[in-house]
Every structure is written in C-alpha cells, then in structure tokens.
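The structure under discussion appears below in the form of structure tokens.
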C-alpha cells in the first residue's frame, strides 16, 4: 500500500518549509485532482468539487520517492497560508497541512455548508464541507483508494467531543472504515486510545510536535475497498467536514494513482 502518511514521517524538521507544497483549486481544476488519483484499470468520466477553492488541491513532497510524493488533499480549513494582502483570505491564517506545526488550534472557518451524508454519519450538524465527487468506469470488480487523514483535534479535543467527520462512499456505500471493522474512520475512532496502531501523534502534552506538518496527529495509510460491476459507471464521493462548530481543521489525504480497479481482492 502506498504510504500516504510517509510525507509526514520521513521529512526532517530542518526541511519543514519545502517539505510539503500545495496547489489549490485556485491553480488547478477538479479534473486535475481526479487525474492525479486515477490509477490502472479505470477511466474517469467526471469530477466535481463542492466547497471553497483553498479547501482542495494537489500536494507534493519532493524529497520522497516518486510513488509517495504526491496526491490530493481535502480540508475543512485552508491548505495554504493566507496572503495578508488578499481580501479573499480573511477566513483563515495558516495552512492546515503545510508545516511546521506552529499551533494546536489551526482553524479556517468559512461559514460554509455541511454535507448531508456526513451529518447523518456524525449525528450532529456539519459545516465547511469539502466534497470531491468522481464518476469512474472500472475495468475490474474490485475498486480501491488509499487515504489517510490528520487533524487539529488530536490535542485533547477528541475526548471533549470535537470530532470532525469524513467519508469515502462508492455508489452510496461507505468504504472508509477502521481496518477490520465496520466503524467509520475518523478522529473519534482512530486516536491515541482507539485503534492507536493506526495513529501517529505530532504533539506532546500542550506543545506542537516537530514533524513537518501543521496537523497535531494523523493516521497511517488506510484503504477503501468496494465491489463494483466492471464496465458500469461508479460514483465515488470523498468528503470531510467540521461538526458541531466550524473550529479546528481536519485534512483528508488521498494517494496519487491509488484509485484503481483490480480483478482480485488485495
């Protein structure tokens, strides 16, 4: 499995500034996000995004081997730092993804709409949803997508009920679940006490950590798998949103070329 989180584990703090770069939807299109994700055994037919342009984009980590050095990011906050001279950047100050980790409370609050599926999954209202929807035509019956996520909520807010929601659905069926369970993957189900084998911290006590990302913690690589009908268009919906309030950013990472179909179960 492509190590999505490797960009966060292998970079040196000394390389923090250039370790992660992002091109948001201010520079690229939803179709380019889809092209970045599309791997073998399928063809992308359509791609749409709902949210604010700085909530989605392509990320690269040039010091890593090619397979793990790029992908697509979706965030409840901004993927880039604010330009203090821009009137468009008043709802955020710093990137939810680009390091170093300078704050335990990074927040981009756009006052944006939530997502019905994430609201239903979380059981509470959602806000600032970033939603990428793809229509793909698979060649084979098994569809895969590799992903990971990180959050500012990984600094004690998890225990206080501040749990942003995320999900990946294939034809309406959730496939972003905790490995070997049916639980939706998220901050509340993967953290220092729940399924900790899938979690990596980036803070100590109340001090930001040294890994070159703003996120206070993140998951190890995870995999979405779904059975599909070869040759029939499939809808893949990928979403992340704030819940309860618009505070504290959560970011979903999708590995480049990791959306693919296979004739056999991997």
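Summary table
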quantity	calculated
Calculated log₁₀ intensity ratio I(q)/I(0) where the Debye formula runs over C-alpha points of the chain, q = 0.09, 0.11, 0.16 Å⁻¹	-0.35, -0.53, -1.19
Theoretical gain in end-to-end length, residue 103 to residue 124 [0.36 nm per residue, Cα-Cα removed]	4.9 nm
Gain on full stretching of the segment that runs from residue 31 to residue 182 - 0.36 nm per residue minus C-alpha separation	51.3 nm
Choice from 42, 252, 58 showing the highest fluctuation, given a GNM over the chain with Cα pairs closer than 10 Å	42
Region 94-143, relative contact order [Cα under 8 Å, separation at least 6], %	26 percent
FRET efficiency for residue 206 and residue 245, using Cβ-Cβ distance with R0 set to 22 Å, rounded to 0.05	0.60
Whole-Å semi-axes of region 109-266's equivalent ellipsoid (Cα gyration tensor)	28, 18, 13
Helix-only mean residue ellipticity at 222 nm for the chain, each DSSP H run of n ≥ 4 adding -39500 (n - 2.57), per residue, nearest 500	-2000 deg cm²/dmol
Gain upon complete extension [residue 113, residue 235; 0.36 nm per residue less C-alpha separation]	41.8 nm
Spin-label model distance (nm) - residue 227 vs residue 53, 7 Å beyond Cα toward Cβ	4.4 nm
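Computed from the coordinates by the stated procedures, all read-outs in this text should not be read as laboratory data. All values reported here derive from a predicted model rather than from experimental measurement. Heads up, the Cβs are rebuilt from the backbone with ideal geometry, glycines too, and the neighbour counts pull from every protein chain shown.
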